[in-house]
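K.L.:
Before anything else, here's the structure in question.
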Amino acid sequence: MTGSIPPGIIQDTANRRFHLIGIGGVGVSALAQLLLARGARVSGSDRSLDRGVILPIFSCLRGLGVELFPQDGSGVSERTDYIVASTAIESGNPDLEKGASLGIPTLSRAQLLADFFHSCRERIAIGGTSGKTTVTAMTAWCLNQSGREFWSMVGGFLRNVASESCPGNALFRSGADQIACIEADESDGSIVLYEPSISLIHNIGLDHKRIEDLIGLFQEFGDRTRGTVCVNSDCRLATKLSLPVGRTLYYGTGLEAEIRASNARLERDWSEFDVNGSRCRIALPGMHNVSNALAALAVCVSAGMPVVEVIGALGEFKGVKRRAELVGEVDGIRVIDDFAHNPDKLAAAITAAKVSCRRLIAVFQPHGFAPTRLMREELIEVFSRTLRPDDILLMPEIYYAGGSAVKDISSRDITDAVSARERRARFVRSRADLAPEIGALADSGDVVLIMGARDDTLSDFARDVFETIARKRQNC
């Protein structure tokens, strides 16, 4: 792949043909929409199409004019100007090989996004190992409600705007060269490509990389920020970074925070708190979402928005799909779908779900062998600490997305260790066996929490679990 974007692409995308590999992914599909908004012609391929898995994003993209292909090289032709691929695309991909045979330049998805980002007057980049999608979505929604001219790409689908015709992971308002608001991803190291005018470091915790590597990435991210760096004062590792004096804005719950939450009230479906003389209420559960709202407040205030205006917009925010998303409720049994996959996110999701919950039935599908191996001890610790004696943890086998992987760890390694710590945990090899089992287990007052990342069929599974429970309750 090229290390930088050839001159002229950002300023002249009109009628150029871009082929995006892995277009079903939330980040790549958002980039496709940005290219379309700039007048480009866009096609894409995805392995899900090869497997016959029809994702909702595909019909949205087709409706926007994107031509979709299986990942077999058929979407690349002499008319293709550029191929765009992320670091997740392995060498030997048929689209890449076809492009190479035709001499078509291949661009890095991250670098192309960075070049679009740097073409804007004001640049907001939101980082953190947990919560950055929700914070970016909150910030984008506040910018949208303020009437400011901006564009934003989010690593999830905003419930406020998502529909059959609009995916909800990219927001645009006319004059979009004024403000850009994006997630800065540390998992692939692309966070260091950006030079924001406003940045946010929400937290630093174990996920795809070792802590010492993450600290280095976030330090460079802060160093590259040209204006205000917003930092979560409740995150010990984030506060240890060497950040610019006079340009660092702290938010959190401690007295040192300039944007500080106090008197928080946490309910099953909402949270509220005092902040800088006003009361803020959000339609999201959990203290982690209070922290997310504080982060969005810090960013928006740094961008010149009054606190009261931001609070008003946050009150209208409906959340992001697969973030504590209620699938349904029947006979006092609730089924929740959540993207949680690292220790901090799992702890936050479980803690929020336990509010007003008699018993929690937690289902967690790990998202890859390497991340599970890296986080093994921390996963065991978080389940042992957050689950109560009557709660139940069910784990299917680790999700395998294809490609090269050393399969020397299993979900059973996690459940056996959690069971040894006197918590109810069980390995269920086939996920297909889980829905009927949960249907038999669930009773009034229970919450069934489905957690995991990368596997786009998890939401379908969550709906299947709910429908199985609903049928059983109707037959009782």
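What follows draws every value from the coordinates through simple rules; no lab data is involved. Here the structure is a predicted model, which means the values were calculated and not measured. Glycine gets a Cβ as well: all are built from the backbone with ideal geometry, and neighbour counts include every protein chain shown.
K.L.:
Calculate the dipole size of the chain relative to its Cα centre from +1 charges on Lys and Arg beta carbons and -1 charges on Asp and Glu beta carbons; express the result in debye to the nearest 20.
P.N.:
Result for the chain is approximately 540 debye, rounded to the nearest 20.
K.L.:
Given the C-alpha centroids of segment 295-311 and segment 456-476, what is the distance between them in whole angstrom?
P.N.:
With segment 295-311 and segment 456-476 each reduced to a Cα centre, they are spaced 40 Å.
K.L.:
When the dipole is taken about the Cα centre of segment 263-345, and only Lys, Arg (+1) and Asp, Glu (-1) are charged at their Cβ, what size is it in debye, to the nearest 20?
P.N.:
Once rounded to the nearest 20, the dipole reads 120 debye.
K.L.:
Report the extension gain between residue 74 and residue 421 in nm, rounded to one decimal, defined as 0.36 nm multiplied by the number of residues separating them, less their alpha carbon distance.
P.N.:
Residue separation times 0.36 nm, minus the Cα-Cα distance, leaves 119.7 nm.
K.L.:
Based on alpha-carbon centroids, what's the gap between segment 100-154 and segment 279-294 in Å, whole number please?
P.N.:
Centre-to-centre (Cα) distance: 23 Å.
K.L.:
Same structure, new question: To the nearest 0.05, how large is the calculated FRET efficiency for residue 97 and residue 210 if R₀ is 41 Å and r is the Cβ-Cβ distance?
P.N.:
The calculated FRET efficiency here is 0.80.
K.L.:
Could you compute the net charge surrounding residue 304? Neighbours are other residues with a C-beta less than 11 Å from the C-beta of residue 304; K and R count +1, D and E count -1.
P.N.:
Spelling it out: positives minus negatives among the neighbours equals -1.
K.L.:
Residue 407 to residue 356: extension gain in nm, 0.36 nm per residue of separation minus the Cα-Cα distance?
P.N.:
Length gained, residue 407 through residue 356: 14.5 nm.
K.L.:
Here's a follow-up. Rounded to the nearest Å, what's the spacing between the alpha carbon centres of segment 224-250 and segment 367-412? Just the number, please.
P.N.:
32
K.L.:
Sticking with this structure for a sec: Given the peptides 459-468, 137-146, 256-265, arrange them by the average over their residues of other C-beta atoms within 10 Å, most packed first.
P.N.:
Packing proxy ranking, top to bottom: 137-146, 459-468, 256-265.
K.L.:
On to the next question. Which length gain, in nm to one decimal place, applies between residue 432 and residue 163 when the Cα-Cα distance is subtracted from 0.36 nm times their residue separation?
P.N.:
94.0 nm is the gain from fully extending residue 432 to residue 163.
K.L.:
Just to be sure I follow the rule: in the chain, considering lysines 8 or more places apart or on different chains, how many pairs have Cα atoms under 28 Å apart?
P.N.:
19
K.L.:
Here is a follow-up. Quick one: if the Förster radius is 25 Å, what FRET efficiency do residue 87 and residue 457 give, using the C-beta to C-beta distance and rounding to 0.05?
P.N.:
Rounded to the nearest 0.05, the efficiency is 0.60.
K.L.:
Just from its helices, what would the mean residue ellipticity at 222 nm be for the chain, if runs of 4 or more DSSP H residues each count -39500 (n - 2.57) and the sum is divided by every residue, rounded to the nearest 500 deg cm²/dmol?
P.N.:
It comes out at -10500 deg cm²/dmol, rounded to the nearest 500.
K.L.:
Residue 228's amide H: which non-local residues (gap 5+, or another chain) put their own amide H closer than 5 Å, with H modeled 1.01 Å from N in plane and none for Pro or chain starts?
P.N.:
Placed amide hydrogens put 199 under 5 Å from residue 228.
K.L.:
Along Cα→Cβ, 7 Å out, is where each label goes; now give me the distance between the ones at residue 274 and residue 51 in nm to one decimal.
P.N.:
Here the modelled spin labels are 5.1 nm apart.
K.L.:
Now, a different point. Pick out, in residue order, every one of the GluC sites (Glu not before Pro) in segment 35-96 that is DSSP loop and has at most 16 other C-beta atoms within 10 Å; say none if there are none.
P.N.:
Qualifying residues, ordered by number: 78, 90.
K.L.:
Mind giving me the nanometre distance, one decimal, between the label points for residue 236 and residue 173, set 7 Å out from Cα along Cα→Cβ?
P.N.:
Result for the modelled spin labels: 4.0 nm.
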